[in-house]
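The values are calculated or read from the model by the stated rules, or taken from the named source; none is laboratory data. The shown structure was predicted, so the numbers you read here are calculated from the model rather than taken from an experiment. Neighbour counts are summed over all protein chains in view; Cβ atoms, including those assigned to glycine, are modelled from backbone coordinates with ideal geometry.
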Amino acid sequence: MKKNNRKIILALIGICFMGLIGFTIAYFRSQMVKDNIFKTLKQDVHLEENFNPDTWPEVTTKEVTIKNDNLTSPVIVRMSINERWFKEIGDNTYVLNNLYDGEEVVTKKFINTFQTDWTYKDGWYYYNHLLNPSSEVKILESIMLNDDLIKTSPNYNDYLSYNYELSFNYEASQATEEAVKELWGVDVSIQGNDVTWN
């Protein structure tokens, strides 16, 4: 009886030990999948700019493009556009409005399909298509100071002497509905190459 009891106890310990190993492997495998959502995208997606400030404030080339350099995986992208007029004097920063009389002080020439290719919500522009491997999406072509508009502004001379900054921030996600939801908290539907933002 004692030998049989020992065998049963050893068998139970063995089963428990195997269960713990199986749980540990499953846990680390789950963590690896989660890490992959964040891990590989930053080095594969980048923003490229062709900017020639020499012609400012006339029509100035500012070509902005987001590129996916990954050879195998599509991604989903979003971006924010930020602009400001500012001047730093000592420790103080003075800022002018980007709008005057309800119109933009700087005219931005986006590509023709910008309005249909991007969805704006919560301060971000979301691309309505997958950005496929080794492909790119162009966003902007040029900018120009709306001189006729600001000539009537009491701040006209300030606009001519202040610095103007236009920047694009972007983020990329793995091309799955689950990854987008986890990273950005946004519901999305993917059908083929099309992305619908809910």
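Taken over region 84-95, the criterion of being surrounded by fewer than 15 Cβ atoms within 10 Å (Cβ to Cβ) and of a type outside the set (Val, Ile, Thr) is satisfied by PHE86, LYS87, GLU88, GLY90, ASP91, ASN92, TYR94.
For every residue, the table says whether it meets (1) within 24 Å of GLU63 (Cβ to Cβ); (2) free of Cβ contacts under 8 Å to residues at least 12 places away in the same chain; (3) out of contact with any helix residue (DSSP H, G or I) (no Cβ under 7 Å at 6 or more places or on another chain); (4) acidic (Asp, Glu).
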residue	(1), (2), (3), (4)
ARG84	yes, no, yes, no
LEU96	no, no, no, no
GLU104	yes, no, yes, yes
LYS108	yes, no, yes, no
TYR127	yes, no, no, no
ASN132	yes, no, yes, no
SER135	yes, no, yes, no
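Pairs meeting the criteria (first residue in region 167-188 and among the acidic types (Asp, Glu), second residue in a loop (DSSP other than H, G, I, E, B), beta carbons under 7 Å, at least 6 apart or on different chains) are ASP187/ASN198. Looking at region 189-198, can you tell me whether even one residue there is at pLDDT below 95, in contact with a Leu (Cβ under 9 Å, 6 or more places away or on another chain) and not in a loop (DSSP other than H, G, I, E, B)? No: region 189-198 contains no residue that is at pLDDT below 95, in contact with a Leu (Cβ under 9 Å, 6 or more places away or on another chain) and not in a loop (DSSP other than H, G, I, E, B).
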